[in-house]
Amino acid sequence: KVFALDAAGGARLPEGQRLGVYRIAEEALNNVLKHANARQVQVSLTCNAPEQLVLSVVDDGRGFDLSSVSTCHGLVMMADYAEAIGGKTQITSSPGRGATVRLTLLLSPTDLPALASRGGGSRTIVVPFRHLTLTFTSFRV
């Protein structure tokens, strides 16, 4: 089943940035499925007025020591995608405490009027998936 969270008025990021955000979310969720042994994952996409988009993927899994996986292919790939689209990733985790992948993407001035004009509000979708419960939240301020 596919769920789409569309911006009001058809506001969209440029194709390259949309693909980068998608790929980072995809890799973060793939890592949760492969390594985390999590029961819940929360994915949120926030448009913080006036100039940034924040993607956050938070799981309640086993976590890991960041110093032991700093050259892991998936983590490096997420950082490379973020840099390519003008963003930055921050990964936080510790053993037994889950993990958080956060992408912060600065929006260009041409994207701002359409994205900022959407107004406030939020949508949350809860999806059972394999052994996980995925919670997707999209909100704007």
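Key figures
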read-out: Accessible surface of CYS72 - all protein chains present, 1.4 Å probe, nearest 10 Å²; value: 50 Å²
read-out: Ratio of the Cα radius of gyration of the range 19-109 to 2.2 N^0.38 Å, where N counts its residues; value: 1.05
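The values are calculated or read from the model by the stated rules, or taken from the named source; none is laboratory data. These figures come from a predicted structure and were not determined experimentally. Surface accessibility is based on the protein's heavy atoms, side chains included, excluding ligands, DNA and RNA. Shrake-Rupley method; radii C 1.70, N 1.55, O 1.52, S 1.80 Å.
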